[in-house]
1. Can you name every residue in the stretch 20-71 that is closer than 27 Å to VAL241 by Cα, part of a loop (DSSP other than H, G, I, E, B) and not β-branched (Val, Ile, Thr)?
2. Conditions first: (1) open to solvent by 10 Å² or more (accessible area, probe 1.4 Å); (2) of a type in the set (A, V, I, L, M, F, W, C); (3) farther than 22 Å from PHE33 by Cβ; (4) modelled with pLDDT under 90. ALA239 passes all but one, so which condition is the exception?
3. Can you pull out the residues in the stretch 79-121 that are assigned to a loop (DSSP other than H, G, I, E, B), over 26 Å from SER28 (Cα atoms) and not hydrophobic (A, V, I, L, M, F, W, C)?
4. Considering only residues that are in contact with a Phe, Trp or Tyr (Cβ under 7 Å, 6 or more places away or on another chain) and modelled with pLDDT under 90, look in the stretch 99-121 and name the one that is surrounded by the fewest Cβ atoms within 10 Å (Cβ to Cβ).
5. Looking at the stretch 340-378, which of its residues are at pLDDT 90 or above and not β-branched (Val, Ile, Thr)?
6. Are there any helices (runs of 4 or more DSSP H) wholly within the stretch 122-229 with 2 or more residues that are open to solvent by 70 Å² or more (accessible area, probe 1.4 Å) and at pLDDT 90 or above, and if so which?
7. Which one of these is within 19 Å of SER259 (Cα to Cα), open to solvent by less than 10 Å² (accessible area, probe 1.4 Å), under 23 Å from the mean Cα position of the chain (by Cα) and not acidic (Asp, Glu): GLY71, GLY58?
Amino acid sequence: MSGVVFWLLIVVATVVSLGTAWTLGANSNSPPFAPAIGANAISTMKAAFAIGILAALGALTQGGSISETVGSGLINGVAITSLAATVGLLTATGFMAFGIYSGYPVPAAFATTGAMIGVGLSLGGTPAVATYTQIATFWVLVPPVSGSLAYATATLLRHDDVPETLSIPLLAALVGAIVANIRLSILPSPTGAAQGSLAGLVSGVVPTPAVAGVDVATILATLVVAAASFHLIRRRTAASVDRGIKTFLIVLGSIVAFSSGGSQVGLATGPLENLYGVELGLPSIVLLALGAVGILGGAWMGSPRLLQATSREYAQLGVRRSIAALVPGFVIAQAAILLGIPISFNNIILSGIIGGGLAGGSAGVSRRKIVTTVVFWVLTLAGSVAIGYGLYQVAAPVLAQ
């Protein structure tokens, strides 16, 4: 491949990656704040601004694990070349564009994963069966786990014996405990890992004995954050239940938007991991920053219209069901980031909405729509593998000279 073609492919791949990140910022990162807008807790433009900042920060501090999986963990024996990265990105973007303009449920995670497997196989690589098994298991478990968590959350919120002045603060405490243990690249880890957590940082500063393999300081830090979260929302709900719920919706939306950025940016940056990190010798933060810029731009420019539409849908769902959908979204997104598994955030939210609806006696989503969604998930994955493989076979003889 000549130098001119190589740099041309870098430019094209970078532009497509930015476009993909823009699309993710405009679409996949919008749902977290929709309930708060529907409850009149925050304006659409303020929500769009917050989504952009929070999702970009999540991309920078948590996006590395999934980006690495997409870029190098899906195929064994070969490195993704500049041409393969470009073809993979174009394939995945094509599927996402089809989904946006047609209205059919095309998950970005399925499209990107399938496209990168396709180009990797076309390069002569061998399937990473262990990784596929882990990813497939996670994807299969997402609907029942998200639905079950949403069902349990909605049941708690609807229980007559548990007032909202207690149930909402309890959920805030749970979310706070998880926040204390999420891993961020900006925090040092006592074990020398690439990412550390707030609770882990405390355990590194305050040496304590371990209980069941966990430092006492980690447990205490987690409990302190949980208690502080409980107290904050408890005080707000005691003064006004409506005000407390709106505060919790804004805080929950912020955390979920942050998690969404961390779980989604790898779908845009992963195909360029080898190109930027090995061939260009750039640090990983440069690639994540590229994805963060794209997500930021998409959230600021593309999300307001979608936010207005989705906020009306969440307003119809009601506050309790909206909260029930977002809590498992946060939990599952953080689990995926920890394991480095690419996920479709909208699929998690959809499962949560169904589970929350069942707590009220109706899922609110037709069986036909569920079947259609699953069919398009499968078609997206299989089709992106086939098209990614075929496009590289066509492009390689022409451009790899």
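1. SER30, ALA39, ASN40, ALA41, SER43
2. Looking at each condition in turn, ALA239 falls short on (4).
3. If the condition is that a residue be assigned to a loop (DSSP other than H, G, I, E, B), over 26 Å from SER28 (Cα atoms) and not hydrophobic (A, V, I, L, M, F, W, C), then THR81 is the only one that fits.
4. Among those that are in contact with a Phe, Trp or Tyr (Cβ under 7 Å, 6 or more places away or on another chain) and modelled with pLDDT under 90, it is TYR104.
5. Within the stretch 340-378, GLY340, PRO342 qualify.
6. 129-158, 164-179
7. It is GLY58.
A quick yes/no check of all residues on (1) more than 30 Å from ASN346 (Cα to Cα); (2) free of Cβ contacts under 8 Å to residues at least 60 places away in the same chain:
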{"position": "LEU149", "(1), (2)": "no, no"}
{"position": "ARG158", "(1), (2)": "no, no"}
{"position": "THR165", "(1), (2)": "no, no"}
{"position": "ALA177", "(1), (2)": "no, yes"}
{"position": "ARG183", "(1), (2)": "no, no"}
{"position": "PRO207", "(1), (2)": "yes, yes"}
{"position": "THR222", "(1), (2)": "no, yes"}
{"position": "VAL225", "(1), (2)": "no, yes"}
{"position": "PHE230", "(1), (2)": "no, no"}
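The values are calculated or read from the model by the stated rules, or taken from the named source; none is laboratory data. Only a predicted model underlies this, so the values are computations on that prediction, with no experimental measurement involved. Here Cβ is always computed from backbone atoms with ideal geometry, including for glycine, and neighbour counts include all displayed protein chains. Surface accessibility is based on the protein's heavy atoms, side chains included, excluding ligands, DNA and RNA. Shrake-Rupley method; radii C 1.70, N 1.55, O 1.52, S 1.80 Å.
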